[in-house]
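Chemist: This is the structure I have questions about; it appears just below.
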Amino acid sequence: MAKRIDVNDLNVYYSKFLAVEGVSINIEPKSVTAFIGPSGCGKSTFLRTLNRMHEVIPGGRVEGQVLLDGDDLYGAGVDPVTVRSQIGMVFQRPNPFPTMSIKDNVLAGVKLNGTKISRSDADDLVEKSLRGANLWNEVKDRLDKPGSGLSGGQQQRLCIARTIAVKPDVILMDEPCSALDPISTLAIEDLINELKSDYTVVIVTHNMQQAARVSDKTAFFNIAGTGKPGKLIEFNDTTAIFSNPEQKATEDYVSGRFG
Ligand SMILES: Nc1ncnc2c1ncn2[C@@H]1O[C@H](COP(=O)(O)OP(=O)(O)OP(=O)(O)O)[C@@H](O)[C@H]1O
Ligand SMILES: [Mg+2]
(Lines give C-alpha, C1' and ligand atoms only; values in the text may rest on other atoms or scores of the structure.)
(Ligands and ions follow the chains in the order given, each with its own letter.)
Protein backbone atom coordinates (compact mmCIF):
# COMPACT_ATOMS: atom_id res chain seq x y z
CA MET A 1 0.00 0.00 0.00
CA ALA A 2 1.43 3.35 -1.03
CA LYS A 3 2.54 5.47 1.92
CA ARG A 4 3.66 9.04 2.40
CA ILE A 5 7.13 10.13 3.43
CA ASP A 6 7.76 13.22 5.52
CA VAL A 7 11.31 14.34 6.11
CA ASN A 8 12.03 16.92 8.80
CA ASP A 9 15.29 18.86 8.83
CA LEU A 10 17.54 15.98 7.85
CA ASN A 11 21.33 16.25 7.96
CA VAL A 12 23.31 13.43 6.36
CA TYR A 13 26.92 12.70 7.23
CA TYR A 14 29.79 10.56 6.02
CA SER A 15 31.76 10.53 9.31
CA LYS A 16 32.49 14.27 9.88
CA PHE A 17 31.57 15.35 6.37
CA LEU A 18 28.12 16.93 6.21
CA ALA A 19 27.03 15.81 2.71
CA VAL A 20 23.40 16.97 2.78
CA GLU A 21 22.02 19.67 5.08
CA GLY A 22 18.61 20.60 6.41
CA VAL A 23 16.28 18.78 4.03
CA SER A 24 12.56 18.94 4.76
CA ILE A 25 10.23 17.46 2.16
CA ASN A 26 6.77 15.87 2.00
CA ILE A 27 6.29 13.09 -0.53
CA GLU A 28 2.70 12.17 -1.26
CA PRO A 29 1.51 8.57 -1.67
CA LYS A 30 0.74 7.43 -5.21
CA SER A 31 2.87 10.12 -6.77
CA VAL A 32 6.18 10.25 -8.62
CA THR A 33 8.78 12.63 -7.23
CA ALA A 34 11.94 13.40 -9.21
CA PHE A 35 15.22 14.48 -7.57
CA ILE A 36 17.38 16.57 -9.90
CA GLY A 37 20.57 18.59 -9.47
CA PRO A 38 24.26 18.66 -10.40
CA SER A 39 26.63 15.79 -9.72
CA GLY A 40 27.76 15.60 -6.10
CA CYS A 41 24.85 17.60 -4.64
CA GLY A 42 23.73 14.59 -2.61
CA LYS A 43 20.77 13.14 -4.51
CA SER A 44 21.88 9.52 -4.08
CA THR A 45 23.00 10.11 -0.51
CA PHE A 46 19.66 11.62 0.44
CA LEU A 47 17.71 8.93 -1.44
CA ARG A 48 19.52 6.21 0.54
CA THR A 49 18.49 7.79 3.83
CA LEU A 50 14.85 7.14 2.89
CA ASN A 51 15.25 3.39 3.35
CA ARG A 52 18.17 3.31 5.81
CA MET A 53 20.67 2.18 3.19
CA HIS A 54 22.92 5.15 4.00
CA GLU A 55 23.97 3.75 7.37
CA VAL A 56 25.35 0.62 5.66
CA ILE A 57 28.30 2.81 4.58
CA PRO A 58 30.90 3.09 7.40
CA GLY A 59 30.54 6.52 9.05
CA GLY A 60 27.11 7.00 7.48
CA ARG A 61 24.64 8.64 9.85
CA VAL A 62 21.76 11.09 9.92
CA GLU A 63 20.22 13.72 12.19
CA GLY A 64 16.56 14.64 11.87
CA GLN A 65 13.44 12.66 11.06
CA VAL A 66 12.14 10.48 8.24
CA LEU A 67 8.50 9.46 8.76
CA LEU A 68 6.69 6.75 6.80
CA ASP A 69 2.98 7.41 7.26
CA GLY A 70 3.93 9.13 10.50
CA ASP A 71 6.22 6.40 11.87
CA ASP A 72 9.83 7.41 12.44
CA LEU A 73 12.07 5.15 10.33
CA TYR A 74 14.96 5.92 12.65
CA GLY A 75 12.98 5.39 15.85
CA ALA A 76 14.28 3.16 18.64
CA GLY A 77 13.51 -0.49 17.97
CA VAL A 78 12.88 -0.06 14.24
CA ASP A 79 14.56 -2.84 12.27
CA PRO A 80 16.38 -1.44 9.21
CA VAL A 81 15.84 -4.75 7.36
CA THR A 82 12.07 -4.32 7.71
CA VAL A 83 12.38 -0.72 6.56
CA ARG A 84 14.21 -1.85 3.41
CA SER A 85 11.44 -4.31 2.56
CA GLN A 86 8.82 -1.57 2.97
CA ILE A 87 10.85 0.87 0.92
CA GLY A 88 12.46 -0.91 -2.02
CA MET A 89 15.30 0.35 -4.17
CA VAL A 90 16.23 0.02 -7.84
CA PHE A 91 19.79 0.93 -8.78
CA GLN A 92 21.52 2.64 -11.68
CA ARG A 93 22.95 -0.55 -13.17
CA PRO A 94 20.55 -3.48 -13.45
CA ASN A 95 21.85 -5.96 -10.88
CA PRO A 96 20.07 -9.29 -11.27
CA PHE A 97 21.87 -12.31 -9.83
CA PRO A 98 23.49 -13.52 -13.07
CA THR A 99 23.43 -17.29 -12.55
CA MET A 100 20.03 -17.33 -10.86
CA SER A 101 16.99 -18.04 -13.04
CA ILE A 102 14.55 -15.29 -13.97
CA LYS A 103 12.02 -16.80 -11.60
CA ASP A 104 14.44 -17.04 -8.68
CA ASN A 105 15.57 -13.48 -9.31
CA VAL A 106 12.00 -12.29 -8.87
CA LEU A 107 11.73 -14.26 -5.62
CA ALA A 108 15.19 -13.29 -4.30
CA GLY A 109 14.00 -10.38 -2.15
CA VAL A 110 11.08 -12.38 -0.73
CA LYS A 111 13.40 -15.25 0.24
CA LEU A 112 15.93 -12.81 1.70
CA ASN A 113 13.18 -11.56 4.01
CA GLY A 114 12.79 -15.13 5.24
CA THR A 115 9.20 -15.40 3.97
CA LYS A 116 8.10 -19.03 3.54
CA ILE A 117 6.02 -19.46 0.42
CA SER A 118 4.42 -22.49 -1.27
CA ARG A 119 5.35 -23.43 -4.83
CA SER A 120 2.01 -22.37 -6.30
CA ASP A 121 1.98 -19.10 -4.36
CA ALA A 122 5.51 -18.52 -5.62
CA ASP A 123 4.42 -19.10 -9.21
CA ASP A 124 1.54 -16.65 -8.77
CA LEU A 125 3.80 -14.05 -7.23
CA VAL A 126 6.36 -14.42 -10.03
CA GLU A 127 3.70 -13.91 -12.69
CA LYS A 128 2.08 -10.99 -10.89
CA SER A 129 5.41 -9.24 -10.29
CA LEU A 130 6.63 -9.77 -13.86
CA ARG A 131 3.29 -8.51 -15.20
CA GLY A 132 3.58 -5.52 -12.87
CA ALA A 133 7.02 -4.80 -14.32
CA ASN A 134 5.77 -5.18 -17.92
CA LEU A 135 8.11 -8.11 -18.51
CA TRP A 136 5.86 -11.17 -18.32
CA ASN A 137 5.14 -11.58 -22.03
CA GLU A 138 8.81 -11.38 -22.91
CA VAL A 139 10.00 -13.99 -20.40
CA LYS A 140 7.08 -16.31 -19.61
CA ASP A 141 8.55 -19.12 -21.74
CA ARG A 142 12.00 -18.94 -20.17
CA LEU A 143 11.45 -18.43 -16.46
CA ASP A 144 14.08 -21.05 -15.62
CA LYS A 145 16.80 -19.46 -17.78
CA PRO A 146 19.41 -17.21 -16.14
CA GLY A 147 18.63 -13.54 -15.57
CA SER A 148 21.87 -12.59 -17.31
CA GLY A 149 20.36 -13.75 -20.62
CA LEU A 150 18.10 -10.69 -20.77
CA SER A 151 18.81 -7.33 -22.42
CA GLY A 152 19.80 -4.41 -20.20
CA GLY A 153 16.30 -2.96 -20.30
CA GLN A 154 14.76 -6.35 -19.52
CA GLN A 155 17.21 -6.83 -16.65
CA GLN A 156 16.19 -3.48 -15.19
CA ARG A 157 12.51 -4.48 -15.41
CA LEU A 158 13.47 -7.80 -13.76
CA CYS A 159 15.00 -5.81 -10.89
CA ILE A 160 11.78 -3.79 -10.66
CA ALA A 161 9.81 -7.08 -10.56
CA ARG A 162 12.10 -8.26 -7.72
CA THR A 163 11.38 -5.01 -5.86
CA ILE A 164 7.61 -5.23 -6.41
CA ALA A 165 7.53 -8.89 -5.30
CA VAL A 166 8.17 -7.93 -1.68
CA LYS A 167 5.10 -5.65 -1.84
CA PRO A 168 6.79 -2.44 -0.75
CA ASP A 169 5.02 0.81 0.11
CA VAL A 170 7.58 2.99 -1.64
CA ILE A 171 9.98 2.40 -4.55
CA LEU A 172 13.20 4.42 -4.74
CA MET A 173 15.06 4.52 -8.06
CA ASP A 174 18.54 5.98 -8.53
CA GLU A 175 19.04 6.85 -12.22
CA PRO A 176 17.31 3.61 -13.29
CA CYS A 177 17.59 4.40 -17.01
CA SER A 178 21.11 5.76 -17.27
CA ALA A 179 22.48 2.46 -18.60
CA LEU A 180 19.58 1.89 -21.00
CA ASP A 181 18.85 2.69 -24.65
CA PRO A 182 16.01 5.13 -25.50
CA ILE A 183 13.44 2.38 -26.19
CA SER A 184 14.11 0.59 -22.90
CA THR A 185 14.09 3.97 -21.19
CA LEU A 186 10.61 4.70 -22.50
CA ALA A 187 9.47 1.24 -21.35
CA ILE A 188 10.69 2.01 -17.83
CA GLU A 189 9.06 5.44 -17.92
CA ASP A 190 5.73 3.88 -18.94
CA LEU A 191 6.14 1.41 -16.11
CA ILE A 192 6.85 4.18 -13.57
CA ASN A 193 3.66 5.85 -14.70
CA GLU A 194 1.74 2.62 -14.02
CA LEU A 195 3.48 1.93 -10.72
CA LYS A 196 2.26 5.20 -9.29
CA SER A 197 -1.30 3.88 -9.04
CA ASP A 198 -0.07 1.43 -6.36
CA TYR A 199 3.16 2.87 -5.01
CA THR A 200 4.91 6.02 -3.95
CA VAL A 201 7.81 6.44 -6.37
CA VAL A 202 10.96 8.56 -5.99
CA ILE A 203 13.38 8.75 -8.90
CA VAL A 204 16.79 10.41 -9.23
CA THR A 205 17.49 11.47 -12.80
CA HIS A 206 19.97 13.61 -14.73
CA ASN A 207 17.59 13.65 -17.66
CA MET A 208 15.43 16.79 -17.54
CA GLN A 209 13.02 15.47 -20.16
CA GLN A 210 12.59 12.33 -18.12
CA ALA A 211 11.86 14.28 -14.94
CA ALA A 212 9.34 16.37 -16.86
CA ARG A 213 7.75 13.27 -18.41
CA VAL A 214 7.43 10.99 -15.41
CA SER A 215 7.13 13.08 -12.27
CA ASP A 216 4.35 14.96 -10.53
CA LYS A 217 6.71 16.81 -8.21
CA THR A 218 10.34 17.76 -8.64
CA ALA A 219 12.95 18.52 -6.01
CA PHE A 220 15.99 20.52 -7.13
CA PHE A 221 19.13 20.00 -5.04
CA ASN A 222 22.26 22.11 -5.35
CA ILE A 223 25.69 22.54 -3.82
CA ALA A 224 27.47 25.85 -3.17
CA GLY A 225 30.94 24.42 -3.80
CA THR A 226 33.30 21.52 -3.18
CA GLY A 227 33.19 20.36 0.43
CA LYS A 228 29.95 22.23 1.07
CA PRO A 229 26.76 20.32 1.88
CA GLY A 230 24.10 19.75 -0.73
CA LYS A 231 20.75 21.40 -0.03
CA LEU A 232 17.21 21.18 -1.27
CA ILE A 233 16.72 24.45 -3.12
CA GLU A 234 13.21 24.16 -4.48
CA PHE A 235 10.40 21.60 -4.38
CA ASN A 236 7.20 22.06 -6.30
CA ASP A 237 4.91 20.67 -8.98
CA THR A 238 7.06 19.51 -11.89
CA THR A 239 5.31 21.90 -14.29
CA ALA A 240 6.16 24.84 -12.00
CA ILE A 241 9.79 23.76 -11.60
CA PHE A 242 10.26 23.57 -15.36
CA SER A 243 8.14 26.49 -16.52
CA ASN A 244 8.08 28.93 -13.66
CA PRO A 245 10.70 28.20 -10.97
CA GLU A 246 10.95 30.53 -7.99
CA GLN A 247 14.72 30.35 -7.57
CA LYS A 248 17.27 31.59 -10.09
CA ALA A 249 19.50 28.55 -9.45
CA THR A 250 16.61 26.26 -10.38
CA GLU A 251 15.94 28.21 -13.55
CA ASP A 252 19.62 28.14 -14.54
CA TYR A 253 19.79 24.39 -13.95
CA VAL A 254 16.61 23.36 -15.75
CA SER A 255 17.39 25.61 -18.70
CA GLY A 256 20.89 24.16 -19.03
CA ARG A 257 22.69 27.37 -18.04
CA PHE A 258 24.36 25.72 -15.08
CA GLY A 259 28.09 26.06 -14.28
N1 LIG B 1 30.75 6.48 0.54
C2 LIG B 1 31.04 7.78 0.64
N3 LIG B 1 31.95 8.24 1.54
C4 LIG B 1 32.23 9.55 1.65
N5 LIG B 1 31.67 10.52 0.91
C6 LIG B 1 30.76 10.13 0.00
C7 LIG B 1 30.40 8.76 -0.19
N8 LIG B 1 29.47 8.69 -1.19
C9 LIG B 1 29.27 9.96 -1.59
N10 LIG B 1 30.04 10.83 -0.89
C11 LIG B 1 30.09 12.29 -1.05
O12 LIG B 1 28.80 12.83 -0.75
C13 LIG B 1 28.51 13.91 -1.64
C14 LIG B 1 27.19 13.60 -2.34
O15 LIG B 1 27.38 12.47 -3.21
P16 LIG B 1 26.18 11.76 -3.98
O17 LIG B 1 26.72 10.53 -4.59
O18 LIG B 1 25.04 11.66 -3.05
O19 LIG B 1 25.84 12.85 -5.09
P20 LIG B 1 24.82 12.76 -6.32
O21 LIG B 1 24.03 14.02 -6.30
O22 LIG B 1 24.10 11.46 -6.29
O23 LIG B 1 25.83 12.81 -7.57
P24 LIG B 1 25.70 12.09 -9.02
O25 LIG B 1 24.70 12.93 -9.77
O26 LIG B 1 27.07 12.23 -9.59
O27 LIG B 1 25.27 10.68 -8.82
C28 LIG B 1 29.71 14.04 -2.57
O29 LIG B 1 30.56 15.04 -2.06
C30 LIG B 1 30.34 12.67 -2.49
O31 LIG B 1 31.72 12.75 -2.75
MG1 LIG C 1 24.02 9.80 -7.57
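Chemist: Name every residue in segment 164-207 that is assigned to a helix (DSSP H, G or I), in contact with a helix residue (DSSP H, G or I) (Cβ under 7 Å, 6 or more places away or on another chain) and in contact (Cβ under 8 Å) with a residue 40 or more places away in the chain, in order of residue number.
Modeler: Once the filter is applied, which keeps residues that are assigned to a helix (DSSP H, G or I), in contact with a helix residue (DSSP H, G or I) (Cβ under 7 Å, 6 or more places away or on another chain) and in contact (Cβ under 8 Å) with a residue 40 or more places away in the chain, segment 164-207 yields I164, A165, A187, L191, I192, N193.
Chemist: State which residue pairs qualify: first residue at negative phi and inside segment 39-50, second residue of a type in the set (A, V, I, L, M) and near ligand 2 (Cβ under 9 Å from one of its atoms) in any location, beta carbons under 8 Å apart, and separation of 6 or more residues or different chains.
Modeler: Partner pairs satisfying both residue conditions: K43/V204; S44/V204; L47/V204.
Chemist: Conditions: (1) within 16 Å of ligand 1 (Cβ to nearest atom); (2) part of a helix (DSSP H, G or I). T33 meets all but one. Number of the miss?
Modeler: Going through the list (1) within 16 Å of ligand 1 (Cβ to nearest atom); (2) part of a helix (DSSP H, G or I), T33 breaks only (2).
Chemist: Among the residues of segment 171-191, write down those that are of a type in the set (V, I, T) and either crowded, with 23+ Cβ neighbours inside 10 Å or touching a His at 6+ places or on another chain (Cβ under 9 Å) (or both).
Modeler: Correct list: I171, I188.
Chemist: Considering only residues that are in contact with a strand residue (DSSP E or B) (Cβ under 6 Å, 6 or more places away or on another chain), within 12 Å of ligand 1 (Cβ to nearest atom), more than 15 Å from I171 (Cα to Cα) and among the polar types (S, T, N, Q), which ones fall in segment 36-68?
Modeler: Across segment 36-68, the qualifying residue is only T45.
Chemist: Please verify whether segment 225-240 includes one or more residues that are in contact with a Phe, Trp or Tyr (Cβ under 7 Å, 6 or more places away or on another chain) and farther than 24 Å from P29 by Cα.
Modeler: Looking through segment 225-240, at least one residue is in contact with a Phe, Trp or Tyr (Cβ under 7 Å, 6 or more places away or on another chain) and farther than 24 Å from P29 by Cα.
Chemist: Looking only at segment 74-107, which residues are part of a loop (DSSP other than H, G, I, E, B) and buried (at least 18 other Cβ atoms within 10 Å of the Cβ)?
Modeler: Y74, P94, P96 - these are the residues of segment 74-107 that are part of a loop (DSSP other than H, G, I, E, B) and buried (at least 18 other Cβ atoms within 10 Å of the Cβ).
Chemist: Can you tell me which residue in segment 69-94 is modelled with the lowest pLDDT, limited to those that are under 13 Å from I171 (Cα atoms) and either in contact with a strand residue (DSSP E or B) (Cβ under 6 Å, 6 or more places away or on another chain) or within 16 Å of ligand 2 (Cβ to nearest atom) (or both)?
Modeler: F91
The values are calculated or read from the model by the stated rules, or taken from the named source; none is laboratory data. Bear in mind that the values here come from a model prediction, so they are computed numbers and not experimental data. A quick note on method: Cβ atoms are made from the backbone with ideal geometry, for glycine too, and the neighbour counts reach across all protein chains shown.
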